[in-house]
Amino acid sequence: MAHNDSMNGMHKNFVYDQWLSQIVDRDAYRLIINDNFTREVSDLKSADCFQLPQLQSRPIFIYTKVPILSTNLIKFIAKMGFNLVDTNIVFDKPLLINREFTNNKCLVRFALPEDEVHVAELARNNFIYSRFHLDDDIPLFLANKIKAEWARNYFAGLRGDKMIVALVDDVIVGFLLLLESSADLIIDLIAVDNNYQRKGIASDMIAYVEYHLNFFSSIEVGTQLANIPSIRLYEKIGFRVCTANYVFHYHKTC
């Protein structure tokens, strides 16, 4: 879709999300919220104070993360009509240099170009706890499409640095998308087929990362507070909570 907003004079904390805009068929923004932003947009003498209401006056989707202890920012964003959809918890752990890897439960390898269709369908059909799935204002088919296209972006060279896949009987039953951030790895997306969950597939993929990419110093992953199975898994294999944020969405469809 066309970006119908003139960016001249737009506050720098509004970051246009072209990829998501195309999927949801309306302009989508990531809002970086902090004390400076709330002060500037609350100043009635500043042109900035009109920007958020102007954006909210037309079809729009805006999302933002707020640190859980920032009560002033939480009050501000709630006052502006945003809805809480998720509490995102981030875990990290050091990578073990001499980590052993045995893949008894499945075959684990780096993704190949021909894996794209299978990975995309796995992403489409196996998420229930993502912020898009937890948002009642996003239809299920659209939440599923977002995850499928997110995974496809790796194969198009648009997102992620490496991808791991897990196979059982030559069928892909799990994947793990990685971002590289200086000396650290970030698990950007991870999914396991519903029929193979709680069988050690996810932990096998993470162990594969630790074994083959141990020249990085740490690995980080985020999940939702509602996703108890994932939280238990990460804690079991040595991850520890390092930060948490509330995730807010704002919708206007017409």
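The values are calculated or read from the model by the stated rules, or taken from the named source; none is laboratory data. Note that the structure is predicted; figures quoted are calculated from it, not measured. FYI the Cβ positions are ideal-geometry reconstructions off the backbone, even for glycines, and counts take in every protein chain you see.
Laid out as a table, the results:
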| read-out | value |
| --- | --- |
| Where residue 114 falls short, out of the listed (1) out of contact with any helix residue (DSSP H, G or I) (no Cβ under 8 Å at 6 or more places or on another chain); (2) in a loop (DSSP other than H, G, I, E, B) | (2) |
| Qualifying position, being β-branched (Val, Ile, Thr) and in contact with a Gly (Cβ under 9 Å, 6 or more places away or on another chain), among 89, 33, 68 | 89 |
| Search result, residues across region 210-245 that are closer than 15 Å to residue 177 by Cα and modelled with pLDDT under 95 | 210, 212, 213 |
| Pairs, first farther than 14 Å from residue 192 by Cα and assigned by TED's automatic domain parsing to the domain that holds residue 206 in region 160-175, second among the hydrophobic types (A, V, I, L, M, F, W, C) and outside any strand (DSSP E or B), C-beta under 7 Å, six or more apart | none |
| Complete set of residues in region 39-73 that are of a type outside the set (Phe, Trp, Tyr), at pLDDT below 90 and in a helix (DSSP H, G or I) | 39, 40, 41, 42, 47, 48, 49, 51, 52, 53, 54, 55 |
